[in-house]
Amino acid sequence: MERTRTPVVSGWFTGTEAGDGFRLLGTRCSACASVFFPREDAYCRNPHCPGGGELAEVPLSPRGRVWSYTDGRYRPPAPYVSDPDAPWEPYTLVAVELEAERMVVLGQAAPGVTPADLAVGMEVEVVEGVLDEDAGAARTTWWFRPVEGAR
Ligand SMILES: [Zn+2]
C-alpha cells in the first residue's frame, strides 16, 4: 500500500524525490524581484519596493552554502510534532545562504548530520524529509544535507 505523503506546511515545498526533484517554494515580487521564504502572498515586504508588483511562486535554488548552524538539545514546543514520552534526540539546525535569491533559509539538517559535519561556506542541498510517519501516512518537511564530496 502506498503511504500518503502530506507536507507539514502546505505550499512551502514541492516534489518528493531527493536532489533535483525537491524544491522549496518562495514567492518573488514582480516589481522589485525580491524573493520571500517563507512565502509571502499578501504584499511585498521590501521597504524599497516601488510597489504594484505581483507575488508569483518560484522554486528556490536546490543548493546553497552554510551561513550558520547550531543544534537543538531541547524539545521545541508545538506545532513541532514529537512524542513527549520518547527521549529527546538532539537535531541540527542550519541557516543556508541562497546566492541567487540573496537570502538565508532555515531548516533542519538531515538525520545523522551533526554540527561536527558542517562548516560555514559548505555546500548543502535541500532534500525531502519525513517529520513523522506511521503505517499509512508520512508528514513531510525539508532537510538540508552536505552535498556529496563537500565534507
Ligand atoms: Zn517588491
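Here, each number is a calculation from the coordinates, and none is a lab measurement. Keep in mind the model is a prediction, meaning the values are calculated, not measured.
Quick notes on this one:
- Percentage relative contact order, the chain, counting C-alpha pairs under 8 Å, at least six apart: 26 percent
- With θ taken as phi - 60° and the Karplus curve 6.51 cos²θ - 1.76 cosθ + 1.60 applied, the whole-hertz 3J(HN,Hα) list for the range 32-45 is 10, 6, 5, 10, 10, 8, x, 3, 10, 10, 8, 7, 5, 9 Hz, x standing for glycine and proline.
- Difference of contour (0.36 nm per residue) and Cα-Cα distance, Arg102 to Arg45: 19.1 nm
- Under 5 Å from the amide H of Met103 lie the amide H atoms of Leu98, each residue being 5 or more positions distant or on a separate chain, with H modelled from the backbone and absent for Pro and chain starts.
- For Tyr91, residues with placed amide H under 5 Å, excluding near neighbours: Gly72
- Between the range 119-151 and the range 19-68, the alpha-carbon center distance in angstrom: 21 Å
- In summary, the chain shows an alpha-carbon radius of gyration equal to 1.12 times the 2.2 N^0.38 Å reference for compact globular proteins.
- Distances between placed amide hydrogens fall under 5 Å for Arg39 paired with no residue 5 or more residues away or on another chain.
- Using C-alpha pairs below 8 Å separated by at least 6 residues, the relative contact order for the range 26-93 is 27 percent.
- In order along the range 106-116, phi translates into HN-Hα couplings of 9, x, 8, 6, 4, x, x, 8, 10, x, 5 Hz, rounded to whole numbers, per the Karplus curve 6.51 cos²θ - 1.76 cosθ + 1.60 with θ = phi - 60° and x for Gly and Pro.
- For the chain, share of DSSP beta bridges that run antiparallel, in % to the nearest 5: 85 percent
- Backbone geometry of the range 71-79 corresponds, through the Karplus equation with coefficients 6.51, -1.76 and 1.60 at θ = phi - 60°, to 3J(HN,Hα) couplings of 10, x, 9, 10, 5, x, x, 4, x Hz, x marking Gly and Pro.
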